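Worksheet: one structure, shown below.
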Amino acid sequence: MHRYFCVAILLSFLLTAFAYAQQPLLPLKNGEVDIMKEGVRLWSDRNYQATDWPAPLKNQTFVRSLRKPPLGKPCSVKVLKPGYLLIVTPAHGQWGGFSQEPQLRAAGFSRVDIETFLPFKRAGKNGDTCCAYQKKVKPGDTHDSKYEYGITLWREDPLPLYKIPSPKVPPVNTNPGPEYADKARVYQGTPTIECAPNGRLWATWYSGGTGEGYLNYIMLYTSGDGGNTWSDVKLVIDPDGEGPLRATEPVVWLDPSGRLWLIWNQYPLGLAGPDSETWAIVTDDPNSENPTWSAPKLVGYPNMNCTCKPTALSDGTWVWPGSSFFVPVKSRPILSKDQGANFTAGGELSIEDKYRDWQEYYVTELKNGTLWATIRTQYGMGESFSKDKGKTWTAIKPCGSITHVPARHFIGRLKSGKLLLVKHGTIKERVKRRERLMAMLSDDDGKTWSDGLLLDERAGIATPDCTQSPDGTITLIYDRNRHTDKEILMATFTEEDVAQGKCVTDKARLRVIVNKAQGKAHN
């Protein structure tokens with residue numbers, strides 16, 4: 001009897017092994033193998049039935065897994081046969097942001113050339129459309145799906161690849177309607193500011209939607225009285241209205257010839273996704289309240305984003321602090337030697353992925369000609385140096401003279417030649433949250449710093465940027481609580497105020513509201 005039992009166990013094992021040998025995929029943590037066809041159940045924990053899928057995906061092996069796997073237990077598969085792994089995912093901007101497109105691109109998958117489709121019956125036509133990505137695989141390869149809605153299939157042969165569309169010139173709206181008014185906006189932040197030769201201030205930030213997302217757009221404002229009053233929104237850059245192309249992180253910059261640049265980034269696949277673009281428009285008359293702007297110019301593409309003010313070097317080279325938020329790609333500055341007529345990519349700024357954060361950085365030309373990049377990292381403040389005007393850079397290391405929280409800072413050279421730094425906390429302090437915005441000076445190229453002037457002690461303040469007026473007044477702009485208070489604020493002060501560590505001049509004004517969005521989010 002025992003012998004027959006052992007034989008039965010062995011036979012069952014062999015049959016199971018034979019069955020798996022015929023399958024190209026093996027679920028590792030949860031899931032079961034099935035064939036994709038109309039009416040088949042897509043997830044084991046939801047009763048969603050497949051529609052009539054596109055022909056290239058029908059009758060292919062797929063893994064029916066949990067739509068919501070337990071925490072730490074992703075839906076994992078092991079490849080048993082050479083072929084092509086396909087992941088069906090919501091198109092970016094669909095299904096409440098559950099698209100895996102950026103993550104799949106980062107993992108080496110490529111989108112295939114099939115029409116987007118509705119994957120299950122009763123799917124919503126305005127929110128549930130899917131696309132598919134593929135990757136060549138061999139036996140032993142594994143894939144983890146940590147996100148909702150991803151469906152894993154296998155094909156023996158590859159599918160033709162989708163051609164990524166070239167960037168389209170975005171519209172510049174110089175007559176924005178009420179949908180962009182203060183009372184309509186429920187979220188805003190990340191401002192920058194610049195001063196025209198006659199003292200006119202220009203400020204820009206982004207808004208749209210209820211937070212960071214594909215509804216974001218750029219706005220521009222101006223003040224002719226030193227920031228006492230501000231205009232209504234002068235222009236809006238909203239690339240495609242309802243998305244999925246987002247426009248964020250605008251920068252205003254006055255170049256050495258007196259032209260004003262408005263620079264911004266666009267993301268077709270989310271902030272951390274691939275194929276991001278840097279665009280700019282420029283005016284020759286920033287002294288005017290209503291200047292004429294150039295057509296948009298594509299400055300950096302793909303995977304290039306400029307989030308902080310450029311630097312004009314002593315030899316005439318412009319260095320725009322180009323970043324890549326798409327982790328497989330290293331950040332590289334954007335260089336121009338002909339006053340913005342043409343742009344090229346500089347050298348890579350390398351850092352270990354575990355220390356990499358949103359790589360916002362400023363480039364300072366030191367008195368000996370070395371370029372010093374101060375960079376936001378996971379450990380706070382990193383630094384890198386270039387001795388060849390941005391062509392090559394040292395690996396990013398912790399900054400020797402500045403300690404910071406992982407957040408944006410500002411650094412720039414004043415008319416006096418001193419460096420101005422605005423950060424959270426004192427020079428060697430890492431605060432626990434974004435609070436206590438302080439300004440400090442250095443007259444030895446950043447080796448030592450003054451004690452600092454406290455500008456705003458409150459929590460929820462972030463993204464400082466500064467400009468200096470012809471009379472020497474320094475104007476700071478920053479945001480406060482982007483989702484709740486929705487405030488853009490400014491402060492004005494002088495070098496003397498910073499050196500004294502307190503407001504001692506009549507130029508000093510703190511916590512002045514530039515703009516406050518008044519809209520309310522609706523569920």
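Residues are listed down the side, and each one gets a yes or a no for (1) in contact (Cβ under 8 Å) with a residue 60 or more places away in the chain; (2) among the acidic types (D, E):
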| residue | (1), (2) |
| --- | --- |
| T142 | yes, no |
| Y149 | yes, no |
| T152 | yes, no |
| K183 | yes, no |
| E194 | yes, yes |
| P197 | yes, no |
| R200 | yes, no |
| G211 | yes, no |
| Y217 | no, no |
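Could you check region 198-218 and list, in sequence order, the residues that are aliphatic (A, V, I, L, M) and out of contact with any Pro (no Cβ under 8 Å at 6 or more places or on another chain)?
Restricting attention to region 198-218, the residues satisfying the condition of being aliphatic (A, V, I, L, M) are 201, 203, 215, 218.
Result: L201, L215.
Can you find, within region 426-448, the residue that is surrounded by the most Cβ atoms within 10 Å (Cβ to Cβ) among those that are part of a loop (DSSP other than H, G, I, E, B) and without any contact (Cβ under 8 Å) to a residue 24 or more places away in the chain?
R436
From L510, L455, L476, L489, grab the single residue that is at pLDDT 95 or above, closer than 26 Å to E249 by Cβ and touching a Cys at 6+ places or on another chain (Cβ under 6 Å).
Only one candidate qualifies: L476.
I'm told K423 meets every condition in (1) out of contact with any strand residue (DSSP E or B) (no Cβ under 7 Å at 6 or more places or on another chain); (2) part of a strand (DSSP E or B) except one. Can you identify the failing condition by its number?
Here K423 clears every test but (1).
Can you pull out the residues in region 29-62 that are closer than 14 Å to P119 by Cα and acidic (D, E)?
Answer for region 29-62, where residues must be closer than 14 Å to P119 by Cα and acidic (D, E): E38, D52.
So, in region 196-224, how many residues would count as being farther than 15 Å from Y180 by Cβ, part of a strand (DSSP E or B), out of contact with any Gly (no Cβ under 9 Å at 6 or more places or on another chain) and of a type outside the set (G, A, S)?
Adding up the residues that qualify gives 2.
Considering every residue within region 336-345, establish whether at least one is assigned to a strand (DSSP E or B) and over 20 Å from the mean Cα position of the chain (by Cα).
Yes, region 336-345 contains a residue that is assigned to a strand (DSSP E or B) and over 20 Å from the mean Cα position of the chain (by Cα).
Table: residues versus (1) surrounded by fewer than 20 Cβ atoms within 10 Å (Cβ to Cβ); (2) at pLDDT below 95.
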position	(1), (2)
G124	yes, yes
K136	yes, no
G140	yes, no
I151	no, yes
P158	yes, no
V172	yes, no
P178	yes, no
K183	yes, no
P197	yes, no
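If you scan region 346-361, which residues turn out to be more than 16 Å from the chain's Cα centre (by Cα) and buried (at least 23 other Cβ atoms within 10 Å of the Cβ)?
G346, L349
So, restricting to strands (runs of 3 or more DSSP E) that lie completely within region 255-303, which ones have at least 3 residues that are outside the structural domain of Y214 (by TED's automatic domain parsing)? Give the derivation first.
Details: elements: 260-267, 277-283, 297-300.
Once the strands (runs of 3 or more DSSP E) in region 255-303 are filtered for at least 3 residues that are outside the structural domain of Y214 (by TED's automatic domain parsing), nothing remains.
The values are calculated or read from the model by the stated rules, or taken from the named source; none is laboratory data. Bear in mind the structure is a predicted one, so any value in this text is a computation, not a measurement. Neighbour counts are summed over all protein chains in view; Cβ atoms, including those assigned to glycine, are modelled from backbone coordinates with ideal geometry.
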